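Below is one structure; the comments refer to it alone.
The values are calculated or read from the model by the stated rules, or taken from the named source; none is laboratory data. Computed from a predicted model, the values in this text were never measured in an experiment. Glycine also receives a Cβ, built like all others from the backbone with ideal geometry; neighbour counts cover every protein chain displayed. The protein model used for the area step is the full one, side chains on, heavy atoms only, and it has no ligands, DNA or RNA in it. Shrake-Rupley method; radii C 1.70, N 1.55, O 1.52, S 1.80 Å.
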Protein chains: 2
Amino acid sequence: MDSVKTLLPDSALPTHWYNLAADFPEPLDPVLHPGTHEPVGPEDLAPLFPPALIEQEVSTERWIPIPDEVRQVLLQWRCTPLYRARRWEEALGTPARIYYKYEGVSPSGSHKPNTAVPQAFYNREAGIRKITTETGAGQWGSSLALACRMFGLECLVYMVRVSFEQKPYRRAFMETFDATCIPSPSESTEAGRAILAEDPECRGSLGIAISEAVEVAAQSADTSYCLGSVLNHVLLHQTVIGQEAREQLEAVGESPDVIVGCTGGGSNFAGIAFPFLGEGLRDGRLPRVVAVEPAACPTLTKGPLAYDYGDTAHLTPLVKMNTLGSSFVPPGFHSGGLRYHGMAPMVSHCRKLGLLEARSFHQLETFAAGVGFAQAEGILPAPEANHAVIGAQREAERCREEGRADTILFNLCGHGNFDMQAYSDYHAGKLHDYDYPNEEIAMALAGLPSL
Amino acid sequence: MDSVKTLLPDSALPTHWYNLAADFPEPLDPVLHPGTHEPVGPEDLAPLFPPALIEQEVSTERWIPIPDEVRQVLLQWRCTPLYRARRWEEALGTPARIYYKYEGVSPSGSHKPNTAVPQAFYNREAGIRKITTETGAGQWGSSLALACRMFGLECLVYMVRVSFEQKPYRRAFMETFDATCIPSPSESTEAGRAILAEDPECRGSLGIAISEAVEVAAQSADTSYCLGSVLNHVLLHQTVIGQEAREQLEAVGESPDVIVGCTGGGSNFAGIAFPFLGEGLRDGRLPRVVAVEPAACPTLTKGPLAYDYGDTAHLTPLVKMNTLGSSFVPPGFHSGGLRYHGMAPMVSHCRKLGLLEARSFHQLETFAAGVGFAQAEGILPAPEANHAVIGAQREAERCREEGRADTILFNLCGHGNFDMQAYSDYHAGKLHDYDYPNEEIAMALAGLPSL
C-alpha cells in the first residue's frame, strides 16, 4: 500500500510560532502613522489591538510560544494532513514528487482559523467583549465567527457587498455561530456613508470593509478589530502550517526543492513558506519559493514597493508593501480572498530580498488546473487555492520537460465547498478572463501618499 | 493538553468488511422476484450488478476482504477521526462522555464514498463502462461521480427534481467529476415519462429516480446500476466506520454503552453499529443501539415489516423491510438523504430481533440540536446528521437526569457545507415542522403487494 498521506500525532502540534523577522538579513521598514507619517508606537495601535498582538506585531523574537488554550482549540483539526499527489503526478506525467498540505480540514474549510483562534483568545484575555472585522469571500468572517463563539466574544463582520449577495451561505455559516454580518459599504459607519453618497450602487471592496470595521472598533474601548491577513502577527500564526509540513516531509525523507503558495494578503503563503525560508536563511540552503496571484490583481508582479494605506478611507497606518494603490478596486473575478490591493509587508520584504519569485495567472487557467487536480485527487480546491494548484502544476510540467524529479510542496489552503457557484459558472462557460487592469492600477498608484 | 481526537495510522484501515449476516441468530428473509414472487437467484440480479457485488449481497461470510486497490483510494481520507465532544458535553452539562466518528472529512463530505469506491471498482473489474444511479440531496451522486472518475467509468445520475432545483451546487460538484446529472422524473425513461404524463409538475422522489436509473441500466450490457444505501453490500462497505471507531475507543480505554446513528436507507447507521452488534451477538454483551429518523418519514417507528418494492415503478425485487409503502412521497423537509419510504432489510431485521431502538424527531428540534453542536464543536453537521446529534443529545440529557456517566458514540455522517440554504432558512425562521404523514402512509401501505 503506497501511503498518500502523512499524519502527525497531537503531540507534534508546534508549541511556538516561527517569526521570520528574526532571520531577515535586513529589518522591515517601520510602520508610519497615517496622520503624522512618523513611525507608530504600540500606543498608536492600542485602540485597535490587544497588547499581546501588538507585541507580536513588532517582535523580532524567533520563537513565540502558543498559549495552551489556543493549542487545545487548534487540536480539533490540527495537525492537518500532508498528501503526496500520486494520482495527479500520474495525470500530469511528471517525474516530480508533489506534496500538498491540506488546510481544508479546518471547521471553516481553510487556514483562516489558525489565526482567528489566537486573535479571539488574546482579545478575550485583554477583556475585550466585541470584535469587528471585514470579509471578502467569507472565509475569514466564518473563521472569526467560530473563534469568537468559542471564546465568548461578540462578532461583527463587514462583508464586501458583492460577496454578501453572491454568497448567502457564508452569511448563514457566520450566523450559525451568532455573528452579525453587514453588507459593506453600509450606512452604519461614516466611511460607509461617504462611499454610498458618492456611489449608492457601490459593490464594495476589502479596503472599504476594513475602513468600516476599523472605524467601529476605534470608537469603543471594549471593541477590537481583527484582520485576517497582511499583518505580521497574522502571518506569524499561520506558521504552524510550514512547521508541520517540514516535520511531515522529514518523516518521509524529503525536503522541498520548490514551495508554492497563493497570495492575496499573503498569510497562507507565509504560513507554508516562512519556516522553510527561515531555515534556509540560517543554513544557507534556500529552497525556491513561488508566490502565485491573479492576473487581475497582480500585486506582487506589477505593484511597486511603496508606503500605502491598508484601507480605502485611510484610517490604517501606512505600511511598506507591494501595492496597486489603496483606491484600486479589483475586477469581479471569483477568488474573493485574493482581491486586495496590497501585500503583507513581510511577504513584500521577501520579494525585495529576492527570497521569492512571483507569478500571475488568468482565471480560466486556474479553474482548469483546479478541476484537473480535483479529478485526480478527489478534493475540490477553493478558487484561491487553484492559484497554488496551477503554480505547482507549472513546476511539475517544467520537471517533465527537464526530466527532473524535484520535490514540490504546495499549500492547498482551502476547499471549494462554498464556492460552487464559481464552478457552476465555469462548467457553463460563463467565466471569462480579465485583462491586466493596467489603467486602473496606474490611476490608483498616482494616488499613493507622498512621504 | 486534553486530547479531543483519536487518529489511526494508515495501517489500521480495516482489511476486511464485517458482515452482520454471519452473526444473525436467524437468517434474513429471501429477496423475491418482482414478477414471480419467487426467491431471486444471482442470475436475476446480473443485469444490474457485477458478480462480486451480487456475491457480497447474499454472503453469510463474516469477513470479506477489501481489495488493495479500494483500500488505496480509501486511504486518501481514512481512517477518519474519532472526537471526544468535550465542549459539547460541557454545554449540555452532562456527566456522559460523548464520542463522535466524523465522516465529513471524505472528499464529498460524507460516508458515501466508503461504498461508492468499491462499487465503482467491482464494476470496472467486471468490464462495465457506465454506471447509473439516483440521488436525493446529492451526497450519493457526488460520491459516485468521484469514484467513477477514479476508475474511468461514465456516470449518469438521476437527481430528484426538487433537489436538482434547490441544490445546483451539488450538480456542479458532480459535473466537476464529469458525471451527467438529469432531473428526475425525466423524459429519458419510460418510468419517468409515465410519471410526467400523470403529473407534469412532479417534484420527484428517490423511488422514482431509482426506477429511472434501474431502467437505463437494465437495457445495456455495459451499464450497471449502483445504489447508495439499503442493500446488504452497501451496508457491508460502511462497516469500516464502526471497526475504526471500535479500535479508536479501545485506544482511549472506552467501550460504548449506547450507539446512535441516523437512518434514511440505513447505511451510515449500519456502518457504525454493525461491528459492535456483531461483537455483542458473539459475546453476549450488546450495547444499546438507537436509530434516529425524521418524524415526517418515520419508516422504523411507524412502518410495518413487510415485503415491498424499493422503487415506485416496481422494477426492483421485493425485499422484507420496514416500509411506508413504495408510493409514499415524503414531505419536503431538508434532510433529502432521509426521504426514503423503506429501510435496509438488515436494519429492519435488527429491529425485528430487538437489537435496536428507533426514535423520530421533528425538523426544528434537529436543527436546534445541530446548531448547538456546531457552536460547541465547530463542525456544522448535515441536516441528516442532525438527527444523530439530537439522538445523542437526548441520551446525554438522560445521563444528566440519572447522574450516569455513560459512554455515548454517534456517527456524524457528514458536514452541512452543501446544505447552507437549509440553515439560512432555519435562521430566518422559514423552516417548519411537518405532522406525521399518517394519512399518506395509510394510503401507501394499502398498496403494499399481497404475496
Is it fair to say B:Gly447 is over 24 Å from the mean Cα position of the chain (by Cα), open to solvent by 10 Å² or more (accessible area, probe 1.4 Å) and at pLDDT 95 or above? no
Report whether or not A:Ala405 is under 20 Å from A:Ser267 (Cα atoms) and either of a type outside the set (Phe, Trp, Tyr) or within 14 Å of chain B (Cβ to nearest Cβ) (or both). no
Looking at (1) away from chain A (no Cβ under 14 Å); (2) in contact with a Ser or Thr (Cβ under 7 Å, 6 or more places away or on another chain); (3) more than 17 Å from B:Gly378 (Cα to Cα), can you tell me which one B:Ser108 breaks? (1)
Among (1) open to solvent by 10 Å² or more (accessible area, probe 1.4 Å); (2) at pLDDT 95 or above; (3) charged (D, E, K, R), there is one condition A:Glu395 misses while meeting the rest; what is its number? (1)
Looking at this structure, is A:Gln139 surrounded by fewer than 24 Cβ atoms within 10 Å (Cβ to Cβ), touching a residue at least 24 places away in the same chain (Cβ under 8 Å) and within 14 Å of chain B (Cβ to nearest Cβ)? no
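Which of the residues spanning the stretch B:94-131 are among the basic types (Lys, Arg) and open to solvent by less than 20 Å² (accessible area, probe 1.4 Å)? Give the derivation first.
Going residue by residue through the stretch B:94-131, those that are among the basic types (Lys, Arg) are B:97, B:101, B:112, B:124, B:129-130.
Once the filter is applied, which keeps residues that are among the basic types (Lys, Arg) and open to solvent by less than 20 Å² (accessible area, probe 1.4 Å), the stretch B:94-131 yields only B:Lys101.
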Scanning the stretch B:170-194 for residues that are outside any strand (DSSP E or B) and open to solvent by 40 Å² or more (accessible area, probe 1.4 Å), which turns out nearest to the other protein chains (Cβ to nearest Cβ)? B:Glu175
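In contact (Cβ under 8 Å) with a residue 12 or more places away in the chain and open to solvent by less than 10 Å² (accessible area, probe 1.4 Å): does that describe A:Ile379?
Working: in contact (Cβ under 8 Å) with a residue 12 or more places away in the chain: yes; open to solvent by less than 10 Å² (accessible area, probe 1.4 Å): no.
No, not satisfied.
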If you go through the stretch B:145-156 one residue at a time, do you hit one that is more than 9 Å from chain A (Cβ to nearest Cβ), open to solvent by less than 10 Å² (accessible area, probe 1.4 Å) and modelled with pLDDT under 95? no
Got a number for residues in the stretch B:203-226 being in contact (Cβ under 8 Å) with a residue 60 or more places away in the chain, within 19 Å of B:Arg161 (Cα to Cα) and touching a Lys or Arg at 6+ places or on another chain (Cβ under 6 Å)? 1
Odd one out for B:Ser326 among (1) more than 17 Å from B:Ala444 (Cα to Cα); (2) in contact with a Gly (Cβ under 8 Å, 6 or more places away or on another chain); (3) open to solvent by less than 30 Å² (accessible area, probe 1.4 Å); (4) assigned to a loop (DSSP other than H, G, I, E, B): (1)
Subset of the stretch A:195-242 [touching a Pro at 6+ places or on another chain (Cβ under 7 Å), over 28 Å from A:Ala12 (Cβ atoms), surrounded by 24 or more Cβ atoms within 10 Å (Cβ to Cβ) and among the β-branched types (Val, Ile, Thr)]: A:Ile208
Within the stretch B:157-169, how many residues turn out to be open to solvent by 10 Å² or more (accessible area, probe 1.4 Å), touching a strand residue (DSSP E or B) at 6+ places or on another chain (Cβ under 6 Å) and either modelled with pLDDT of 95 or more or of a type in the set (Val, Ile, Thr) (or both)? 0
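Within the stretch A:333-382, which residues are assigned to a loop (DSSP other than H, G, I, E, B), within 14 Å of chain B (Cβ to nearest Cβ) and over 19 Å from the mean Cα position of the chain (by Cα)?
Pass one, the stretch A:333-382, residues assigned to a loop (DSSP other than H, G, I, E, B): A:333-335, A:339-341, A:343-344, A:353-356, A:362, A:378-380, A:382.
Imposing the further condition that a residue be within 14 Å of chain B (Cβ to nearest Cβ) reduces the set to A:334, A:378-380, A:382.
Listed by number, the residues that qualify are A:Gly378, A:Ile379.
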Among the residues of the stretch A:1-28 satisfying the criterion of being of a type in the set (Asp, Glu) and within 11 Å of chain B (Cβ to nearest Cβ), which is farthest from A:Glu377 (Cα to Cα)? A:Asp10
Could you check, for the stretch B:438-451, whether at least one of its residues is of a type in the set (Asp, Glu) and not in a helix (DSSP H, G or I)? no
